[in-house]
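The numbers here are math on the coordinates, done by the rules we state, and not lab data. It should be emphasised that the depicted structure is a prediction, and the values quoted were computed from it without experimental measurement. Neighbour counts run over all protein chains shown; Cβ positions are idealised from the backbone, glycine included.
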Amino acid sequence: MNFTELGLSQELLHAIKESGYEEPTPIQKMAIPPILAGRDLVGSAQTGTGKTAAFALPSLHRLKEHGSCRALALAPTRELAIQIEENFCKYGKQMNLRMALLYGGVKYGKQLEQLRNEPDIIVATPGRLLDHLGQGNLHLNKIEILILDEVDRMLDMGFVEDVTRIIQKTPKSRQTLFFSATIPDSVRRLSKWALHKPAEAKIDIKISAADTVSHALYPVPAIQKFDLLISLLESIKFENLIIFFQTRRGTDKISQWLTEHGQTVRVLHSDLKQRDRMKALEDFKAGNVKILCATDVASRGLDISNVTHVINYDVPQHSEDYVHRIGRTGRARTEGEAFTLCKPEELSLVDSIEKLLGNPLPRKFIEDFAYRDEPASLAPAAPQVSKKRNRGFGKQVSFGGRRRR
Ligand code: ADP
Ligand code: MG
């Protein structure tokens, strides 16, 4: 099924062509028809599989003509809200629709201006939207389409009450769309309350987890982690690299050390001012710097193209976060590599990641690196995983989890 067969308007088909999309991704094929038919929907698929277009294209199609405050998209972080707005603008370029982008940490002026301009589509983070609603700057009583993106993340971040309050302010007759990488119970519960007989579009995370990414685990004694990172950076050819850390302090400390080692890096975490976060992201996206040091703030949803490598300086505490972090690379059809540095104390975390992926992470050692401990003592053999579930990491697999024919 191609985009034309999905029944999207000429304006949208044109924008799709300009975006260089040849065919819909699996989640788009599954989600677009029910959304066009006006149904509620819960959509889930790994990051990087085109979920934004899966809701933005059919929503734009349904909005058609201009009318004030008819669609609302909620996102957990400002960066994500910005990205969603950019996508709506890109796909709706030939349509006569206006946007408002509302997020916290910045002044109200520009946002008020956008709201006075009768926007068709509002993209917002929950907190700032509630501020505007409280001040009477907009009303949600004409909302026809309500979209919650990254719902799992939104609930993880403690937004459940805010989101509930917002949903209650929209008309019951609305169409409601939930998109999420995973569907934990908390998301199920909220969707039961907020959605009416939803269609489901689900692409199994085990299939879609980074088919275009090859993975490796680098066992290392705790005190040699930074040295190993330096050796690794010297041994790989990367264009754009994100290094993930567990804590903000860790991110700051290691970026400082990297800078002292002559690397130019940018830092992205939630302690920074919004302006600095944006600047870091822009510099990285524009290719002004090749290394971004970040906490999980950056691991969800952000679409940064051309990330060739992800390095986990710390093994993520939650196995889902591993999938989200490596989702930053190997996006669309490009190939990527994901390396995880692991001290012996973190091996149990690796265990649960391997269970989630259904694949062992291959252990690797850097040849000339002077390990302080015997490599064998650092990394017990990878667990056996049944053949059926072994989807062959590292092999070339095309976008969306289908093997190339
Ligand atoms: P997700 O929300 O699932 O993490 P995004 O919506 O951010 O994924 O999309 C990831 C990338 O894939 C973006 O760069 C987007 O432009 C691109 N993309 C989306 N749909 C297609 C498609 N049909 N063909 C090729 N690339 C696509
Ligand atoms: Mg997304």
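Using only Cα positions of the chain, each an equal point scatterer, no hydration layer, compute I(q)/I(0) via Debye at q = 0.11, 0.13, 0.14 Å⁻¹ and quote the log10 values to two decimals.
-0.82, -1.12, -1.27
Show log10 I(q)/I(0) for region 36-112 at q = 0.18, 0.19 Å⁻¹, two decimals, from a solvent-free Debye sum over equal Cα scatterers.
Log-scaled intensity ratios, in q order: -0.84, -0.93.
Calculate the translational D of region 104-215 in whole µm² s⁻¹ from Stokes-Einstein, where the hydrodynamic radius comes from the Kirkwood formula applied to all Cα pairs, the temperature is 20 °C and the viscosity 1.002 mPa s.
Diffusion coefficient, whole number: 135 µm²/s.
Over all directions, what mean area does the Cα convex hull of region 213-377 project, stated in square nanometres? Kindly include the intermediate steps, with their values, before the conclusion.
Values: hull surface 37.2 nm².
Its average projected convex-hull area is 9.3 nm².
Where nothing but the Cβ of Lys and Arg (+1) and of Asp and Glu (-1) is charged, how large is the charge dipole of region 213-377 around its Cα centre, in debye to the nearest 20?
About 600 debye.
For the chain, what does the helix formula give at 222 nm: sum of -39500 (n - 2.57) over DSSP H segments with n ≥ 4, over the residue count, nearest 500 deg cm²/dmol?
-11000 deg cm²/dmol
Please name which of Thr77, Leu6, Gly50 has its Cα lying farthest along the dipole of region 1-84 towards the positive end, using unit charges on Cβ (Lys, Arg +1; Asp, Glu -1) and the Cα centre as origin.
The residue sitting most towards the positive pole is Thr77.
Arrange the peptides 98-111, 365-378 so that the one whose residues have, on average, the most other Cβ atoms within 10 Å appears first. Walk me through the numbers on the way to the answer.
On the way: 98-111: 17.3, 365-378: 11.9.
Per-residue Cβ counts within 10 Å, averaged per peptide and sorted highest first, yield 98-111, 365-378.
Near His66, within a Cβ-to-Cβ distance under 11 Å, what is the net charge of the other residues, with Lys and Arg +1 and Asp and Glu -1?
Its environment carries a net charge of 0.
Could you work out the relative contact order of region 149-249, using alpha carbon pairs under 8 angstrom and six or more residues apart, expressed as a whole percent?
For region 149-249, the relative contact order is 26 percent.
When the dipole is taken about the Cα centre of the chain, and only Lys, Arg (+1) and Asp, Glu (-1) are charged at their Cβ, what size is it in debye, to the nearest 20?
1080
Net charge within 12 Å of Leu130 by Cβ-Cβ distance, Lys/Arg positive one each and Asp/Glu negative one each, not counting Leu130 itself?
0
Between Asn96 and Phe226, what is the label-point separation in nm under the 7 Å Cα-to-beta-carbon projection?
6.1
Could you pull out every one of the lysines with an alpha carbon less than 18 Å from that of Lys192, ignoring same-chain neighbours closer than 8 positions?
Candidates past the 8-residue exclusion: Lys169, Lys172, Lys202.
Give me the lysines in straight-line cross-link reach of Lys90: C-alpha distance below 22 Å, same-chain residues under 8 apart excluded.
Cross-link targets: Lys17, Lys29, Lys51, Lys64, Lys110, Lys279, Lys285.
Please report how far the C-alpha centroid of region 247-274 lies from that of region 72-110, rounded to the nearest whole angstrom.
With region 247-274 and region 72-110 each reduced to a Cα centre, they are spaced 28 Å.
Which of Ile143, Val106, Leu341 sits closest to the plus end of the dipole of the chain, meaning its Cα is farthest towards the positive end, when Lys and Arg get +1 and Asp and Glu get -1 on the C-beta?
Comparing the listed Cα positions along the dipole, Ile143 ranks first.
Expressed as a whole percent, how much of the Cα-Cα distance distribution for region 267-320 exceeds 19 Å?
Values: 373 of 1431 pairs.
Of all Cα-Cα pairs in region 267-320, 26 percent lie more than 19 Å apart.
Could you tell me the ratio Rg/Rh of region 4-202? Both radii from Cα atoms, Rh via Kirkwood. Present the calculation step by step, with values, prior to reporting the outcome.
Numbers: Rg = 15.5 Å, Rh = 16.7 Å.
For region 4-202, the value is 0.93.
Over all alpha-carbon pairs of region 127-277, lay out the pair-distance distribution in 5 Å bins, whole %, shortest bin first.
2, 6, 12, 14, 13, 12, 12, 11, 8, 6, 4, 1
Efficiency by 1/(1 + (r/R0)^6): what FRET value for Glu234 and Asp185, r their Cβ-Cβ distance, R0 = 41 Å, to the nearest 0.05?
With R0 = 41 Å, the Cβ-Cβ based efficiency is 0.35.
Over the chain, what relative contact order in percent results from Cα pairs under 8 Å that are six or more residues apart?
Relative contact order of the chain: 18 percent.
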